[in-house]
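Coordinate-derived values only; no laboratory data. Small disclaimer: the values here were computed from a predicted structure and weren't measured. Every residue, glycine as well, gets a Cβ built from its backbone with ideal geometry; the counts of neighbours run over all protein chains shown.
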Amino acid sequence: MNGSGCRYAELHALTNFTFLRGASHPEELVETAAALGYEALAITDECSMSGVVRAHMAAKACGLKKLIVGSELRLRSGRKLVVLAKTAGGYAALCELITRARRAADKGHYELTQHDFDGGLPDCIVLWVPDERHSLDVDDHWIRETFRDRLWIAVEL
C-alpha cells in the first residue's frame, strides 16, 4: 500500500519513448511505483510497446506487484483510448493493431479509425480518455458497442 493506506494502480503511464510527452525512463517509473506501494503500473506509450521490455526487467528486479502492458491510441477523429492487455492473446492483438496503424501512415506516425477496432480487441480492457475537445457523443456509440463490458472511462488529474 502507498502512504495513504489506499490501494492504487496507475493505468496510463507514458515513458520517454513517447517523445515530447513522457519524461521518465521505464525503469524509473517502475522503481517509483514499487517504492510507493502501487498495486500495479501500466506502461502505455503512444502506439508503441517500446518501453515494455525495460519496464518488465525493472519490475522483476524491484518486485513491482503487477506490470500491465498497454498503449495509448489516438484515432483520426481525435478520440483517445488506452488499451490494456489482460492476457498474452490481448498483447498479441494489441501489437497487431499497432503494426497495422504504423504501416498505414508515414514513418513516425500512425493512422487509426473506428474500423480498425472491428475485431473488438479480445482480452483487452479499453479506457476512453475524455478531454475538453472530444466528449463522447452520439457518433461514438461504436465504442460502447465494440468493447461493451471491457470499456471504462478514465479519470486523469
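Calculate the spin-label point distance for TRP142 paired with ARG103, positioning each point 7 Å from the Cα along the beta-carbon direction, and give it in nanometres.
Rounded to a tenth, the inter-label distance reads 2.0 nm.
Determine, for each peptide in 145-154, 19-28, 54-63, the mean count of other beta carbons within 10 angstrom over its residues, then list the peptides with the highest first.
Averaged packing, sorted descending, gives the order 54-63, 19-28, 145-154.
By average Cβ neighbour count within 10 Å, what is the ranking of 37-44, 104-111, 83-90 from highest down?
Descending packing order for the listed peptides: 37-44, 83-90, 104-111.
Once the convex hull of the C-alpha atoms of the chain is built, how many Å³ does it hold per residue, rounded to a whole number?
It comes to 121 Å³ per residue, whole-number rounded.
Net charge within 14 Å of LYS66 by Cβ-Cβ distance, Lys/Arg positive one each and Asp/Glu negative one each, not counting LYS66 itself?
+2
Would you work out the relative contact order for the range 1-61, in percent, from Cα pairs under 8 angstrom that are 6 or more residues apart?
Dividing the mean separation by the residue count of the range 1-61 yields 40 percent.
Report the full-extension gain for the segment LYS65 to TYR8: residue separation times 0.36 nm, less the Cα-Cα distance, to one decimal in nm.
Stretched fully, the LYS65-TYR8 segment lengthens by 19.4 nm.
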